[in-house]
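Data block below; observations after.
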Amino acid sequence: MKKSILITIIILLLYPQISFAKKAPKEKDMKAYLMVYFKDATHSLYMALSKDGYTFTDVNNGEPIIAGDTISEQKGIRDPHIFRAPNGMFYMALTDLHVFGQRDGVRDTQWQRDGGKYGWGNNRTLVLMKSKDLINWSHTSYRVDKAFPELWDIGCAWAPQITYDDKAKKIMLYYSMRFGNGVNRIYYTYMNDDFTAMDTKPELLFQYPDTTKSYIDGDITKVGDKYHLFYVSHDGTAGIKQAVSDRINGGYEYDPAWYDPEKGGCEAPNVWKRIGEDKWVLMYDIYSIRPHNFGFIETSDFKNFDNLGHFNKGVMKTTNFSEQKHAAVIHLTKKEANKLAKHWGLKMKF
């Protein structure tokens, strides 16, 4: 037996709490794209795969891979976000909210709490999930209002997203929150190592210049030494704006420009890179059109964007699903994509 293996075994026997996590693969190792999304019809979690970043195929033929009522307080989830951390683990965060709970018989009232006092879609819980293989997931139903005394009267905790702070060496969660039925703002917090609770009190990530306007659905992408925060401004017709900073947890400078080309309201921006190219796609959810759809714009400098149109009305395609909502995309290796496809019976090779 090699000396290094023997030492590892001894350490594990003496200190079983230690976890030797793998490191995340590099971009050169990536061969596929994974999209997570939900649908209003089921308030459940879905996954879709793509070989080229243009055409996506649902792994379970348009059926949920995890039912929302099995992991959430309100018996429904929304707004899934997925992230691969430097330790190689996959993390997901989701909004615990069922907007049709009364209709579907999971509660007797329109909202979980009084709508006049706490507003549309009020909730207090986030779903936190973790996996090594994208198939087996642990989950925690986390009551944000109980995390810190200052949060006891929050009106909502929506659209959580995950990133990693290289300086703090911690997973950073950021999400939309309001107090009572007040203005929605974007906050950030650092998570514990198990990704089951907040380690720090949530603080404002960015302040919109008009303090009377709500802003939600933040999405952070690091490019070079800059952090690009795309978010939804409710300053008129809801649409997507950008703020840029040289640090991940603050200092974002307001840019008044609207970046989406839509005539009606849209939300849920998510930026993902094309593998092997200096191009980034900004994907967003156009809730104002019927049938419901996604829009896409593409950039190489985060200043000029090309309009790629909507799913199945341009270069971006779906093959076996529709009515998708609030999605996020990450890269996968060939092995990871093939394993996920095989698990769900998808006849697709990468």
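The values are calculated or read from the model by the stated rules, or taken from the named source; none is laboratory data. Source: prediction; values computed, not measured. Virtual Cβ from ideal backbone geometry, glycine too; neighbours counted across all protein chains shown.
Quick one: is Asp153 in contact (Cβ under 8 Å) with a residue 24 or more places away in the chain, closer than 20 Å to Tyr175 by Cβ and more than 22 Å from the chain's Cα centre (by Cα)? In short, yes.
Matching residues to (1) of a type in the set (Lys, Arg); (2) modelled with pLDDT of 95 or more; (3) on the phi > 0 side of the Ramachandran plot; (4) crowded, with 21+ Cβ neighbours inside 10 Å:
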site: Ser138; (1), (2), (3), (4): no, yes, no, no
site: Lys167; (1), (2), (3), (4): yes, yes, no, no
site: Asn184; (1), (2), (3), (4): no, yes, no, yes
site: Met198; (1), (2), (3), (4): no, yes, no, no
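Beta carbons closer than 8 Å, at least 6 apart along the sequence or on distinct chains, pair a first residue in segment 97-119 that is assigned to a loop (DSSP other than H, G, I, E, B) with a second that is β-branched (Val, Ile, Thr) and surrounded by 13 or more Cβ atoms within 10 Å (Cβ to Cβ) for Leu97/Ile77; His98/Val106. Please name all residue pairs, on different chains or six or more residues apart, with Cβ atoms under 6 Å, provided the first residue is in segment 321-350 and is within 25 Å of His310 (Cα to Cα) and in a loop (DSSP other than H, G, I, E, B) and the second residue is among the acidic types (Asp, Glu) and modelled with pLDDT of 95 or more. Within 6 Å, the pairs are Phe321/Asp58. The residue that is nearest to Asp166 (Cα to Cα), among those in segment 82-125 that are surrounded by 17 or more Cβ atoms within 10 Å (Cβ to Cβ) and hydroxyl-bearing (Ser, Thr, Tyr), is Tyr91. Considering only segment 1-59, state which residues are at pLDDT below 95, outside any loop (DSSP other than H, G, I, E, B) and polar (S, T, N, Q). Answer for segment 1-59, where residues must be at pLDDT below 95, outside any loop (DSSP other than H, G, I, E, B) and polar (S, T, N, Q): Ser4, Thr8. In segment 212-225, the residues that are within 12 Å of Lys273 (Cα to Cα) reach residues that are β-branched (Val, Ile, Thr) with C-beta atoms within less than 7 angstrom, at least six apart or across chains, in these pairs: Thr221/Val271.
Exactly one residue among Tyr187, Tyr164, Tyr174 is without any contact (Cβ under 8 Å) to a residue 24 or more places away in the chain, within 19 Å of Arg247 (Cα to Cα) and under 18 Å from the mean Cα position of the chain (by Cα), and that residue is Tyr187. Within segment 283-301, residues that are closer than 14 Å to Thr221 by Cβ and surrounded by fewer than 20 Cβ atoms within 10 Å (Cβ to Cβ) have Cβ atoms under 6 Å from residues that are of a type in the set (Asp, Glu) and modelled with pLDDT of 95 or more in these pairs: Glu298/Asp306; Ser300/Asp278, counting only partners at least 6 apart in sequence or on another chain. Among the residues of segment 208-220, are any within 17 Å of the chain's Cα centre (by Cα), farther than 20 Å from Thr299 by Cβ and buried (at least 21 other Cβ atoms within 10 Å of the Cβ)? For segment 208-220, residues within 17 Å of the chain's Cα centre (by Cα), farther than 20 Å from Thr299 by Cβ and buried (at least 21 other Cβ atoms within 10 Å of the Cβ): present.
Taken over segment 126-136, the criterion of being closer than 19 Å to Pro64 by Cβ and surrounded by fewer than 17 Cβ atoms within 10 Å (Cβ to Cβ) is satisfied by Ser131, Asp133, Ile135, Asn136.
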